[in-house]
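Colleague: Sharing a structure with you now.
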Amino acid sequence: MPRELGLGGCESAVEAKACYYNVDTGAPLFAAFFEDQAEVKREHAKQFLRFLRRHEGKICLPVIQRPNLDNWGTGIQALESALELENKLTKLLQDLKTLASANSETDLLRFMGKYLDKQKRNIGYLEHQLLYHRKAEKQEQEEDTFKKPAEVSPKET
């Protein structure tokens, strides 16, 4: 039975681009995580291709459209894009696992186990970061509304 591989090839490039810079400090936020993930995804793709070549599998790469954004305005947008791509990749991997299970491909099932575990961890991390930054942004907005002086209405002057 030919094995098919579905990897998000553009995902690593998108995650690397998701590093945006803090205007106040000039330091990249999320840079370390996104750069690390870009390298990890490339290495995982290479390992999958080597596995499939060793087992004479058929390689069919799906087309995954790159996000429309070239520049994320906020860290939240970068995290949302990265989370969306991670979810797409996880879906592809789960579909491949289902196909391998249906065809009793035990080697592929064992090989894929660690990748799905890593995907779950990445998604959990991104969801945690997204929640944290949304709360921080909301708190910052609330603090800004308290700091603004009350406007004087025209009737009071």
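Colleague: I need the full set of residues from segment 23-56 which are surrounded by 11 or more Cβ atoms within 10 Å (Cβ to Cβ) and modelled with pLDDT under 75, in order please.
Modeller: Scanning segment 23-56 gives Pro28, Leu29, Phe30, Ala31.
Colleague: Among what's in segment 105-136 and is open to solvent by 80 Å² or more (accessible area, probe 1.4 Å) and touching a residue at least 24 places away in the same chain (Cβ under 8 Å), pick the residue that is farthest from Ala82 (Cα to Cα).
Modeller: Ranking the candidates gives Arg134 first.
Colleague: So, Gly75, is that one over 20 Å from Asp36 (Cβ atoms) and either modelled with pLDDT under 90 or in contact with a strand residue (DSSP E or B) (Cβ under 9 Å, 6 or more places away or on another chain) (or both) or not?
Modeller: Values: over 20 Å from Asp36 (Cβ atoms): no; either modelled with pLDDT under 90 or in contact with a strand residue (DSSP E or B) (Cβ under 9 Å, 6 or more places away or on another chain) (or both): yes.
When the stated conditions are applied, Gly75 does not pass them.
Colleague: Specify which of the listed residues (Asp95, Asp70) is open to solvent by 20 Å² or more (accessible area, probe 1.4 Å) and either basic (Lys, Arg) or modelled with pLDDT of 80 or more (or both). If you could, list the steps in order and put the result at the bottom.
Modeller: Working: Asp70 fails: either basic (Lys, Arg) or modelled with pLDDT of 80 or more (or both).
Residue meeting the stated conditions: Asp95.
Colleague: Got at least one residue in segment 74-92 being surrounded by fewer than 17 Cβ atoms within 10 Å (Cβ to Cβ), assigned to a loop (DSSP other than H, G, I, E, B) and of a type in the set (S, T, N, Q)?
Modeller: Checked segment 74-92: at least one residue is surrounded by fewer than 17 Cβ atoms within 10 Å (Cβ to Cβ), assigned to a loop (DSSP other than H, G, I, E, B) and of a type in the set (S, T, N, Q).
Colleague: Output yes when any residue across segment 115-136 is at pLDDT 85 or above, within 19 Å of the chain's Cα centre (by Cα) and farther than 22 Å from Ala32 by Cβ, and no when none is.
Modeller: yes
Colleague: Additional query: Can you say whether Ala13 is modelled with pLDDT of 85 or more, aliphatic (A, V, I, L, M) and assigned to a helix (DSSP H, G or I), as far as the supplied structure shows?
Modeller: Working: modelled with pLDDT of 85 or more: no; aliphatic (A, V, I, L, M): yes; assigned to a helix (DSSP H, G or I): yes.
No; evaluated as a whole, the condition is false for this residue.
The values are calculated or read from the model by the stated rules, or taken from the named source; none is laboratory data. Keep in mind that this is a model prediction, so the values were computed, not measured. Note that each Cβ is placed from the backbone with ideal geometry, even for glycine, and that neighbours are counted across all protein chains shown. Areas reflect the complete protein model, heavy atoms only, side chains present, ligands, DNA and RNA absent. Shrake-Rupley method; radii C 1.70, N 1.55, O 1.52, S 1.80 Å.
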